[in-house]
Structure formats: C-alpha cells, structure tokens
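Asks: Sharing a structure here in structure tokens format.
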C-alpha cells in the first residue's frame, strides 16, 4: 500500500469547549495513527479556560501537533477558518466541530475517499445509509428534512447534506472557495459547498453519524429559520 | 452562468410550452389551469419528499453509547497525563 505523503491540518473553531476540545484531541490522535497531521484550535477568547486546556494538551501531544491560534473575542465561523488556514502547513484541511457531534473516527474514511477518488472536497453526510443522527426530536428532524428538500429543489447542489460542516478540503480549493463566501454561520457552510459545486470541483461524500452534543451549550438558536430562508434566497441569486 | 438564470430559462421554456398549448387543441379552460395544477403538484411532491425523508431519517442510537465509552476512555487517559477533564 502506498504511503500517504499528505499532511492534514485539522481546524477546530472553539468557544467555551473546555472539556470537548480535550476529548476531541484524544480521539483524533487515537484514530489517525500513521497519518501526518496537526490540530489547529481557533479559540475566540473563551472565558471558560479552553485555552488553558489546549496548552495542557500541547504538553501531552507536542506543540508541533497542536497549534493554538486564538482570537480576542467571538469573530465568527468563516473568519475562524480563514484564520486557521493562515497557520495551516498541511496540503489538506479538515474542518470539524469541537463538540464531538463530529466523531474523529470518520477521519480515516474521509482520507481514504479522497485518496481513492482524487476529490478536491470530501463532505460528511448524515442523510444517507450508513450515516445518521441521534438526539434529534421530531421537530428538529422535520425542519432539517424540510430545509434539505427546499434547498435541493432550489439549488441543485449535488450533495445530500448542505449544512454539514465536517469536511475535508484540498487546501488550495478551500482557499479559493472561502475567498468568495460572505455568509455567516451555517449558511456559510451551505455557501461553501454550493460555490464549490458551481466551480465544478470534484466533491465526494462519506456517511457520518452525528450525535447531538453531550457537553456544553449549543450555539443553535431560534431565529434560524428566517436566517436560513434568507440564506437560500441569497444563494439562489448569487451562485 | 448563475443558477437563477438557469432556473429562469427553464421557467421561460415551460411557459412558452404552456402558451403553445393554449393555442392548440386542448380546451381553453383546462389549459389555463395547467400552471395551477403544476404548482400544486410540485407542492405535493415536496411534502411527499419531506414525509418520506422523515420516515426514513437514518438514526444511530448505538452511536450515543459508543460515544459515552469514548468519552470515558478519553477522560481516563488525559487525567493521568495532567489534562484537566473534570469540568462538567
């Protein structure tokens, strides 16, 4: 089997994820043996001591494997990725959530899929066989499904999970796509994959399971539906 | 080409087809109602897709259990190495 000479930069934006970041890092190291990678934690000035925990993790795993690239306050997800990208030394970039809803055990399957197909982007999907969610009530499933059908009908995006944010990008592709995106929050995730699709980048999907966060508070609020519809309209017209 | 342009082009093509139908054999009253039928069908199809998707929404309760095991394992390992994992 050919040795994988790629290096993977895993960018994890955090805000008050003191416990989750430690658990996440442990699981990443557990599942990515024989892979050259680094974890870049972009913390937005968490008041709960997230950065202290990251420094402890650096003592355990090495400062060359865990990079802390903090920012003074909450500055948004999109800019967190851009910030992380600046410090990424890998030729591939993984973006994932810190709250363990994205399980690092899927990282090898992302990498394998990319090596097999030569894809520029591998995106995790919760909506196909082999994937799934846990901890969602009926209402959440309904809005998710409704949102997905609407987006598929209007945008023809070519992927089954538009709002997912567990993705592997070729670094040059991420840099190209992210420079054209202006949305905030999860509409940003949608914009990224739709723009990539429009630019005809080779996108593959792998099934992932998504267990709703165990610790900490979710950043998902109430006005999301309005934001989502506005986001869809924006994407409809500008992509 | 922007996606919206593609959609509008499709809409124009369908409308042209419909206008063409108006002029031909199909009784006027039916032809005029075609757009309504179309929109309603589209709506029903959409609802059907949502319903079917909801029924077959893949779930993974076993993953929650596995995650708890992973968390326990992680806490054990990290505690021994001086990482603060007692926060809850």
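Just so it is clear, none of the values below were taken in a lab; they were calculated from the coordinates. Fair warning: this is a prediction, and the values are worked out from it, not measured in the lab. Cβ: placed from backbone, ideal geometry, glycine included. Neighbour counts: every protein chain shown.
Asks: Fewest first, what order do B:70, A:64 take by the number of other Cβ atoms within 10 Å?
Replies: A:64, B:70
Asks: Quick check on chain B: helices-only [θ] at 222 nm, where DSSP H runs of length 4 and up contribute -39,500 (n - 2.57) each and the sum goes over total residues. Nearest 500, please.
Replies: Calculated from helices alone, the mean residue ellipticity at 222 nm is -27500 deg cm²/dmol.
Asks: In the stretch A:35-191, how does Rg compare with the Kirkwood Rh, expressed as the Rg/Rh ratio over alpha carbon atoms?
Replies: Result for the stretch A:35-191 is an Rg/Rh of 0.96.
Asks: Which residue fluctuates most in the GNM of chain A (Cα springs below 10 Å): A:141, A:184, A:105?
Replies: Most flexible of the set in this elastic network: A:141.
Asks: Ok, one more. Evaluate E = 1/(1 + (r/R0)^6) for residue B:65 and residue A:234, where r is the Cβ-Cβ distance and R0 equals 41 Å; express this FRET efficiency to the nearest 0.05.
Replies: Efficiency at R0 = 41 Å is approximately 0.55.
Asks: A further question on this structure: For the pair residue B:32 and residue A:52, how long in nm is the line joining their label points, each one 7 Å along Cα→Cβ?
Replies: Modelled inter-label distance: 7.6 nm.
Asks: Something else about it: For the residue pair residue B:17 and residue A:64, what label-to-label distance in nm results when each label sits 7 Å from Cα along the Cα-to-beta-carbon direction?
Replies: The two pseudo-label positions are separated by 6.2 nm.
Asks: Here is a further query. Please work out the FRET efficiency for the pair residue B:81 and residue A:7, using the Cβ-Cβ distance as r and a Förster radius of 25 Å; give the result to the nearest 0.05.
Replies: Between residue B:81 and residue A:7 the formula returns 0.50.
Asks: Can you sort A:25, A:226, A:149 so the residue with the fewest Cβ neighbours within 10 Å comes first?
Replies: Ordered by Cβ neighbours within 10 Å, fewest first: A:226, A:149, A:25.
Asks: Also: Grab the Cα-Cα distance for residue A:176 and residue A:154, subtract it from 0.36 nm times how many residues apart they are, and report the gain in nm with one decimal.
Replies: Residue separation times 0.36 nm, minus the Cα-Cα distance, leaves 5.5 nm.
Asks: Stretch residue A:86-residue A:199 to full length: gain in nm at 0.36 nm per residue minus the Cα-Cα span?
Replies: Answer, rounded to one decimal: 38.4 nm.
Asks: OK, next. For chain A, what is the mean residue ellipticity at 222 nm derived from helices alone (per DSSP H run of n ≥ 4: -39500 (n - 2.57); sum divided by total residues; nearest 500 deg cm²/dmol)?
Replies: -13500 deg cm²/dmol
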